Amino acid sequence: MKVEQYMVDGVFVEHVGPKGIATAPPIVFVHGGSHGSWLWEQWLPYFASLGRDCYAFSWFNHTGSRELPTEQFVRRSMLEATEELDIVVSHIGETPVLVAHSMGAAVAQKYSEDHPVQAQVLLAPVPCTESSGEAIPLPLDWSVPFPPMPYEMAVEWFLAGCPEDDARRYYSLMPDESPKAVWEAAQRGAAIELDRTRVSGPMLMIAGGKDIVSPAPLVRKHAAHFGADYLFLADRAHSLILEPRWHHVADRISSWLSRTAW
């Protein structure tokens with residue numbers, strides 16, 4: 001299926017449409033830290049084939065999108081990526097389903113505090129203050145962007161389960177991240193304030209039993225706090241989107257969405 005790529009107010013967007021008229025609300029895919037719209041390269045055509053317009057985008061200072069001044073970027077919270085999400089949804093002009101990963105899950109939830117969404121699917125989400133866990137000690141230089149971690153560490157944290165050729169290609173695409181966003185993620189939710197009385201749309205949260213970034217017990221705690229449906233996949237790691245069996249995860253999401261009119 002054809003991938004359409006374009007810019008909207010400095011945001012790089014990728015779009016795959018269904019054959020014929022859409023039969024369900026659009027999906028907007030939200031990547032997490034040190035990633036870009038490329039994270040969803042296999043998911044866009046998959047869900048478009050099921051009758052949905054599918055959109056992925058990159059945060060500012062991430063693959064293809066506008067570069068911010070360094071002094072602004074290094075102070076940027078992950079939650080500020082709601083600006084880019086709002087640009088994309090406003091461009092689409094319809095209330096979407098949000099499918100988000102890791103830091104992007106917090107972006108989706110924060111966005112939904114002030115905007116309607118059809119539903120939210122949150123893969124390996126970052127928790128919040130009410131569902132937080134033990135922080136990860138991580139030395140940071142707050143004056144410069146945080147570069148991708150060494151390849152071996154990136155495989156352990158982000159690319160476990162991917163064949164080496166795929167892992168090296170994905171690693172080559174990983175951009176620098178805001179040290180503030182990295183710090184927020186390392187706090188394991190303690191720095192992320194979300195209001196469960198304001199978030200909109202039913203939620204499904206998905207955890208991998210081998211995930212060391214967003215451990216399953218934290219995801220389960222986060223899901224319980226928001227009254228979300230919870231799916232545990234014992235043999236998956238953090239990147240449920242890129243692992244070779246990604247389509248099994250997508251199938252489960254499709255099944256969950258298809259049980260209602262979302």
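Read-outs: derived from the displayed coordinates by stated rules, not from any lab. Owing to the predicted nature of the structure, the values given are computational and were not obtained by experimental measurement. Here the Cβ positions follow ideal geometry from the backbone for every residue, glycine too, while neighbour counts run over all protein chains shown.
Under the condition of being charged (D, E, K, R), touching a helix residue (DSSP H, G or I) at 6+ places or on another chain (Cβ under 7 Å) and assigned to a loop (DSSP other than H, G, I, E, B), the residues counted in the range 119-155 number 1.
Of the listed requirements (1) of a type in the set (Gly, Ala, Ser); (2) surrounded by 15 or more Cβ atoms within 10 Å (Cβ to Cβ); (3) part of a loop (DSSP other than H, G, I, E, B), residue 167 misses just one: (3).
Restricted to the range 186-220, and to residues that are charged (D, E, K, R) and surrounded by fewer than 20 Cβ atoms within 10 Å (Cβ to Cβ), which residue is nearest to residue 103 (Cα to Cα)? Talk me through it step by step, then tell me what you get.
As a first pass, look at the range 186-220 and keep what is charged (D, E, K, R): 188, 193, 195-196, 198, 210-211, 220.
Going one step further and asking which of them are surrounded by fewer than 20 Cβ atoms within 10 Å (Cβ to Cβ), we end up with 193, 195-196, 198, 210, 220.
Details: 193: 13, 195: 16, 196: 17, 198: 19, 210: 18, 220: 16 Å.
By that ranking, first place goes to 193.
When you go through 8, 28 one by one, which is the residue that is touching a residue at least 12 places away in the same chain (Cβ under 8 Å), over 30 Å from residue 141 (Cα atoms), among the aliphatic types (A, V, I, L, M) and touching a strand residue (DSSP E or B) at 6+ places or on another chain (Cβ under 7 Å)? Can you show your working first?
On the way: 8 fails: touching a strand residue (DSSP E or B) at 6+ places or on another chain (Cβ under 7 Å).
Just a single option satisfies the conditions, and that option is 28.
Taking the condition in a loop (DSSP other than H, G, I, E, B) and within 16 Å of residue 117 (Cβ to Cβ), does residue 18 pass? So residue 18 fails the test. Take the residues of the range 21-46 that are assigned to a helix (DSSP H, G or I) and more than 16 Å from the chain's Cα centre (by Cα): which is nearest to residue 87 (Cα to Cα)? Ranking the qualifying residues of the range 21-46, first place goes to 45. Out of all the residues in the range 199-251, which are aliphatic (A, V, I, L, M) and assigned to a loop (DSSP other than H, G, I, E, B)? Once the filter is applied, which keeps residues that are aliphatic (A, V, I, L, M) and assigned to a loop (DSSP other than H, G, I, E, B), the range 199-251 yields 199, 212, 213, 228, 234, 237, 240, 241, 242. When residue 230 is tested against (1) surrounded by fewer than 19 Cβ atoms within 10 Å (Cβ to Cβ); (2) more than 14 Å from residue 35 (Cβ to Cβ); (3) touching a residue at least 60 places away in the same chain (Cβ under 8 Å), only condition (3) is not met.
Being of a type in the set (A, V, I, L, M, F, W, C), touching a Ser or Thr at 6+ places or on another chain (Cβ under 8 Å) and surrounded by fewer than 24 Cβ atoms within 10 Å (Cβ to Cβ) narrows it down to one of 12, 60, 47, so name that one. Write out each step before concluding.
Working: 60 fails: touching a Ser or Thr at 6+ places or on another chain (Cβ under 8 Å); 47 fails: surrounded by fewer than 24 Cβ atoms within 10 Å (Cβ to Cβ).
Every option except 12 fails the conditions.
Evaluation of residue 100 against the conditions (1) buried (at least 19 other Cβ atoms within 10 Å of the Cβ); (2) over 23 Å from residue 194 (Cβ atoms) shows that the sole unmet condition is (2).
Close contacts from the range 69-92, counting a first residue that is touching a residue at least 40 places away in the same chain (Cβ under 8 Å) and a second that is assigned to a helix (DSSP H, G or I) and of a type in the set (Val, Ile, Thr), with Cβ to Cβ under 9 Å and a gap of 6+ residues or different chains, come to 78/107; 78/182; 79/107; 81/107; 84/107; 85/107.
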